[in-house]
Structures are given as C-alpha cells and as structure tokens.
Amino acid sequence: MSRLTKHNHSIKNLSKRIIWRLYRFNTIFILGDGRSGTTWINDLINYDGRYIEVFEPFHGRYNFNLEENRIYPLLSDVKSISSLNGNIYSNLAIKNRKRFSIPHGIIIKDISAHFILQDLARWNFKNIFIIRNPLSVALSKESYGGWHSESDINVILKNYNELNMIGKECFNKSLVTTNFLEYVLSWCLLHRHTLKQLDQLGFFPFFYESVLNTPEVMIEKLFISIGQHKLYLNNKKAILASSKIKSRTTTDQNRIEDNISLKAPWNKVKPKEEISKAYEIIKRCGLYDVYKDKMQPTLPEKALSSIMDQWK
C-alpha cells in the first residue's frame with residue numbers, strides 16, 4: 001500500500017468515526033434472521049436515502065473472522081465495546097450518498113447480532129426485530145445457498161444450557177437430518193433467545209408477512225416505532241410505492257408475491273416427513289403457536305409474550 005493510499009484510507013476512516021459520533025444517537029437498528037426481509041425493510045424505511053446505511057456489521061464470518069464459517073457471534077467473541085464501535089463505523093456506506101446531502105441519521109441492518117444484544121443495548125438504538133415464517137426462511141436459505149448452520153448450532157448449544165437441552169432433544173430424536181431442518185433449528189434457537197430480550201432491550205417485533213399483507217397499516221406502525229410518524233404521513237404515497245420494489249437480495253425463489261399467498265410453498269417441494277420433522281422441532285422449541293402450520297402468523301405481535309410465558 002502506497003503512502004498516498006494509506007493517507008487517504010486514514011482520512012476516510014477518521015471521517016467515518018466522526019460521522020458515527022455525530023449520528024449514533026439517532027440510529028435505527030433492524031435485526032432478523034437471514035432471508036427474513038431485513039434488507040427490504042431497510043430499503044423501505046430509507047426510501048429516500050436520508051439515512052447512512054450500515055450493512056451487516058456484526059456478521060461473524062466477515063466482520064469477526066469467526067472460524068468454521070460461523071455467522072452469529074457470541075458475547076465471548078466480542079473483544080471490547082470499542083471493537084463493536086469499529087464494526088459499525090468501518091461499514092458506514094458514505095460513498096453511496098449524494099455529495100452535499102445532510103444525513104438524517106444512521107440505519108443498521110443486521111442478521112447476526114442475536115447473541116450480542118446486551119452489548120449493543122448501551123447505545124439506545126431505535127430497534128426493530130423482523131420475524132418471518134421459519135419454513136419460509138429455511139426454504140429461502142436452501143435456495144439462496146452459502147449458509148452453514150452446523151458450526152453455529154454446535155457453538156450456541158455449547159454456550160447456552162437451556163438451548164442445549166432443546167437442541168440435544170431434537171438431535172436425539174433424529175429430527176435434524178437435512179440442511180433444511182438445520183435451518184429450522186437455527187431459526188428456533190435464534191428466536192427463542194432473542195424474544196426473551198425484546199422488552200428489556202426495547203425492540204419492536206414485526207412479522208414480515210403482516211407488513212406484506214397489510215402494508216398501509218404495518219408500514220405506518222414501523223414509522224411510528226422509530227419516531228417518524230409525521231414523515232410517513234407526509235410521504236405516504238412514495239413510501240408505499242417503495243414497498244413494492246424488490247430488495248437487493250430478492251431472488252426468484254423468494255418473491256414478494258409468494259409471501260403474500262396463503263399457500264405454503266414448502267408443501268410443493270418438500271416431502272411430508274421432512275415437513276413433519278420441521279414442525280416437531282418448532283414445537284420442542286416452544287414456538288409452534290407463532291405460525292402453527294400456516295404461512296401467515298396466527299397471533300399478533302403483542303401476543304408473543306404469551307408464548308414466552310409457556311417457557312417458564
């Protein structure tokens with residue numbers, strides 16, 4: 001690296017640090033499992049580019065250099081709070097902004113931070129948690145490729161006793177026999193752990209399918225949750241129009257119109273035995289009542305606490 005390149009890199013790094021210091025107290029944080037619609041929600045909220053984007057700063061494979069292709073860092077993988085600061089500001093997408101536009105704040109979209117939320121809570125972000133049907137997620141991961149859940153599952157079970165008991169039970173019953181079923185178990189472990197922290201950490205849960213099916217109602221609720229109701233009311237037409245645009249990560253196997261349908265796509269492509277095992281995994285994790293055997297959620301977001309009451 002030349003001296004000039006090093007100098008430019010240092011200036012760029014310094015400018016990102018300054019931007020993070022200026023705007024970190026006006027930050028929106030969107031969390032969900034991979035293939036859950038987090039990019040789409042990010043693009044919807046940032047429809048006019050007023051927020052500086054940070055794309056998956058806590059991805060274990062890319063930003064923590066975790067071994068064995070792990071995606072989800074644990075608290076023990078976090079070296080320091082300053083290192084988390086670095087994860088965020090080094091991933092600020094400042095080069096994509098208009099030259100003289102003044103940002104309104106920062107928007108972070110992440111799929112990996114479920115087990116380090118306690119460390120992130122100190123910044124008091126405006127938090128959104130996106131939930132999508134576990135079988136839809138598993139099917140999309142299988143189609144999209146590049147997902148490796150086994151190493152993550154092993155590390156999570158080793159470090160969390162409650163999840164270890166559930167996971168061992170699923171393996172002992174020979175329920176986790178395919179990649180698809182690994183993805184289902186991974187979804188269950190992430191959501192079982194994260195749902196217990198939502199109220200404490202100030203997260204607003206939203207069902208991906210509900211936003212798709214009743215956009216006017218749910219998108220307005222999204223903007224209310226981040227304190228931008230007036231913005232929504234003044235720009236409702238443009239925001240709703242942006243919700244119909246495919247996100248950067250949409251694939252032919254993960255189209256918006258397929259998720260609006262009431263018909264479960266996995267019934268067409270998966271054997272009954274595999275689907276039956278998927279539902280059994282979800283039941284053993286105490287999350288079956290969220291969707292049951294339907295494509296759409298069977299209870300409102302506010303009722304998620306009743307699911308957690310059954311775990312006590």
- Item | Any chance Ser143 is out of contact with any Leu (no Cβ under 9 Å at 6 or more places or on another chain) and touching a residue at least 24 places away in the same chain (Cβ under 8 Å) | yes
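Quick check on this structure: which one of Asn133, Asn154, Asn65 is of a type outside the set (Ser, Thr, Tyr) and at pLDDT below 95?
Values: Asn133 fails: at pLDDT below 95; Asn154 fails: at pLDDT below 95.
Exactly one of Asn133, Asn154, Asn65 is of a type outside the set (Ser, Thr, Tyr) and at pLDDT below 95, namely Asn65.
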- Message: Can you go through Ser247, Ser186 and tell me which one is small (Gly, Ala, Ser), part of a helix (DSSP H, G or I) and within 23 Å of Asp110 (Cα to Cα)?
- Response: Ser186
- Given the structure, is Arg50 surrounded by 19 or more Cβ atoms within 10 Å (Cβ to Cβ) and either over 30 Å from Met218 (Cβ atoms) or not polar (S, T, N, Q) (or both)? no
- Members of the stretch 292-306 that are aliphatic (A, V, I, L, M) and either touching a Gly at 6+ places or on another chain (Cβ under 7 Å) or under 23 Å from Lys263 (Cβ atoms) (or both): Met295, Leu299
- Message: Pairs needed: first member in the stretch 164-179, among the aliphatic types (A, V, I, L, M); second member anywhere, assigned to a loop (DSSP other than H, G, I, E, B); C-beta distance under 6 Å; at least 6 residues apart or different chains.
- Response: Ile166/Cys285
- Message: Here is a list: His114, His148. Which entry is under 27 Å from Trp40 (Cβ atoms), surrounded by fewer than 19 Cβ atoms within 10 Å (Cβ to Cβ) and either under 20 Å from the mean Cα position of the chain (by Cα) or touching a residue at least 24 places away in the same chain (Cβ under 8 Å) (or both)?
- Response: His148
- Task: Among the numbered conditions (1) touching a residue at least 40 places away in the same chain (Cβ under 8 Å); (2) of a type in the set (S, T, N, Q); (3) out of contact with any helix residue (DSSP H, G or I) (no Cβ under 8 Å at 6 or more places or on another chain); (4) more than 22 Å from Arg35 (Cα to Cα), tell me where Asn159 comes up short.
- Result: (3)
- Message: Give me the residue from the stretch 270-301 that is surrounded by fewer than 20 Cβ atoms within 10 Å (Cβ to Cβ) and touching a strand residue (DSSP E or B) at 6+ places or on another chain (Cβ under 9 Å) and, out of that set, nearest to Phe129 (Cα to Cα).
- Response: Glu301
- Item | Tally, over the stretch 120-130, of residues that are assigned to a helix (DSSP H, G or I) and more than 13 Å from Gln200 (Cα to Cα) | 1
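The values are calculated or read from the model by the stated rules, or taken from the named source; none is laboratory data. Bear in mind the structure is a predicted one, so any value in this text is a computation, not a measurement. Note: ideal-geometry Cβ built from the backbone for every residue, glycine included; neighbour counts use all protein chains shown.
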